[in-house]
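A quick write-up on the structure given underneath.
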């Protein structure tokens with residue numbers, strides 16, 4: 001398996017983004033979904049990563065540069081049939097490594113709350129992300145939470 005920078009114009013990437021958006025809408029109330037859609041992932045401040053097993057896309061994740069020092073982890077999603085293989089960890093490590101190479105000092109993320117988000121939250125905590133306050137455009141609610149990592 002390998003990760004590489006991908007483009008939102010790839011139909012396989014688009015399909016996984018749609019799956020991701022659908023999952024967020026199922027697990028978060030209207031008005032509380034902050035996942036990036038195709039236009040958001042086309043933002044020049046966003047670098048999109050894909051995890052592959054040969055030519056098969058297994059998962060995606062993105063890094064959005066918020067400032068010269070801060071980046072945000074976005075749109076982490078692995079195909080359900082591929083979970084438990086370390087793909088999310090591999091994508092997250094690629095994002096962190098890339099953020100370091102860009103000179104970022106902090107990575108932040110917003111994610112949902114509840115059982116549907118437990119696996120992702122466990123991954124973030126294992127990698128050293130700590131719970132923290134809202135940042136950027138986000139407002140805290142019962143439906144989301146925030147994590148930060150000093151890199």
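Each value in this text was obtained by applying a stated rule to the coordinates, not by laboratory testing. Owing to the predicted nature of the structure, the values given are computational and were not obtained by experimental measurement. Cβ atoms come from the backbone with ideal geometry, glycine included; neighbour counts cover every protein chain shown.
Label points 7 Å out from Cα along the Cβ direction at residue 142 and residue 42: separation in nm?
Distance between label points: 3.7 nm.
Give the relative contact order (percent, whole number) for the range 2-150; include only Cα pairs under 8 Å separated by 6+ residues.
This gives 20 percent for the range 2-150.
If you bin the C-alpha pair distances of the chain every 5 Å from 0, what whole percents do you get?
All Cα pairs considered, the percentages come to 2, 10, 20, 24, 24, 15, 5, 1, 0.
In the range 96-140, which residues have a backbone nitrogen under 17 Å from the label point lying 7 Å from residue 83's Cα in the Cα-to-Cβ direction?
Only 111-126 pass the distance filter.
Please arrange 45, 77 by counting, for each residue, the other beta carbons lying within 10 Å of its beta carbon, fewest first.
In increasing order of surrounding Cβ atoms, one gets 45, 77.
Okay, helix-only estimate at 222 nm for the chain: each DSSP H run of n ≥ 4 adds -39500 (n - 2.57), divide by all residues, round to 500 deg cm²/dmol; what do you get?
-9000 deg cm²/dmol
Could you state the number of Å between the C-alpha centres of the range 51-96 and the range 119-148?
Measuring centre to centre over Cα atoms gives 16 Å.
Would you please give the FRET efficiency between residue 56 and residue 113, computed as 1/(1 + (r/R0)^6) with r the Cβ-Cβ distance and R0 = 25 Å, to the nearest 0.05?
0.20
Take every Cα pair under 8 Å in the range 60-110 that's 6+ residues apart, average their separations, divide by the length, and report that relative contact order as a whole percent.
On the way: 63 pairs, mean separation 23.0, N = 51.
Value for the range 60-110: 45 percent.
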